[in-house]
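Taking it in order: structure first as structure tokens, then the write-up.
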């Protein structure tokens with residue numbers, strides 16, 4: 001028994017075989033298309049989103065806010081609080097005597113009694129003059145030095161009363177103050193100052209030295 005295939009049947013069979021081979025070739029091509037599309041889409045989207053969003057936000061905000069606030073406040077406040085102005089007035093310097101007129105000295109007597117010492121000075125010039133009577137009580141050269149508590153000095157006021165006179169001390173010499181004793185003596189006028197001195201220490205020794213300070 002023999003089979004006979006006509007030419008048209010052979011042509012149909014060849015066409016069927018070609019169709020089957022074409023289908024087999026289409027499957028790998030589709031797979032290749034899928035594998036080529038996915039990496040390009042994912043990589044491009046991720047890299048573009050990350051690189052374009054993050055760098056533009058952080059660097060532009062921080063540097064512009066911090067430096068503009070701190071340096072402009074501190075330098076303008078400090079120099080205005082350290083400026084001070086002094087309103088103190090210089091003290092007046094007391095006048096310095098230009099000359100002293102010395103009178104006879106006497107010994108300090110420690111006998112529980114008071115002894116008067118009179119200072120008299122006449123202004124023989126034709127102009128007024130500032131003068132100041134003063135009483136010194138000088139310690140012996142060999143000591144001991146007198147202390148203000150050893151002697152009491154008083155002066156007679158214009159009303160005839162006795163007023164206590166404060167004594168200063170320097171190198172063993174007691175003295176009455178010149179500044180408070182200053183006065184103006186007119187031309188041809190005479191100054192008379194009466195002191196009373198009392199030794200409060202029975203062993204006190206010294207010399208009483210009256211004088212007048214002249215100014216100008």
What residue, among those in the range 142-167 that are in contact with a strand residue (DSSP E or B) (Cβ under 6 Å, 6 or more places away or on another chain) and touching a residue at least 40 places away in the same chain (Cβ under 8 Å), is surrounded by the most Cβ atoms within 10 Å (Cβ to Cβ)? 146
Output the number of residues of the range 168-181 satisfying the condition of being farther than 13 Å from residue 207 by Cα and either out of contact with any strand residue (DSSP E or B) (no Cβ under 6 Å at 6 or more places or on another chain) or exposed (fewer than 10 other Cβ atoms within 10 Å of the Cβ) (or both). 6
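Listed here are the residues, each with its yes/no results for (1) more than 17 Å from residue 213 (Cα to Cα); (2) in contact with a helix residue (DSSP H, G or I) (Cβ under 7 Å, 6 or more places away or on another chain); (3) at pLDDT 95 or above.
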{"position": "115", "(1), (2), (3)": "yes, no, yes"}
{"position": "130", "(1), (2), (3)": "no, no, yes"}
{"position": "133", "(1), (2), (3)": "no, no, yes"}
{"position": "139", "(1), (2), (3)": "yes, no, yes"}
{"position": "151", "(1), (2), (3)": "yes, no, yes"}
{"position": "177", "(1), (2), (3)": "no, no, yes"}
{"position": "196", "(1), (2), (3)": "yes, no, yes"}
{"position": "200", "(1), (2), (3)": "yes, yes, yes"}
Quick one: count up the residues across the range 188-216 that are within 24 Å of residue 126 (Cβ to Cβ) and surrounded by 12 or more Cβ atoms within 10 Å (Cβ to Cβ). 8
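Among the residues of the range 95-121, how many are in a loop (DSSP other than H, G, I, E, B) and surrounded by 13 or more Cβ atoms within 10 Å (Cβ to Cβ)? Give the derivation first.
Taking the range 95-121 first, the residues in a loop (DSSP other than H, G, I, E, B) are 95-98, 103-105, 108-113.
Subset that is surrounded by 13 or more Cβ atoms within 10 Å (Cβ to Cβ): 95, 97, 103, 105, 108-110.
Qualifying residue count, the range 95-121: 7.
The values are calculated or read from the model by the stated rules, or taken from the named source; none is laboratory data. Since the model is a prediction, treat every value here as computed from it, not as a measurement. Cβ sites come from the backbone with ideal geometry, for glycine too, and all protein chains shown count toward neighbours.
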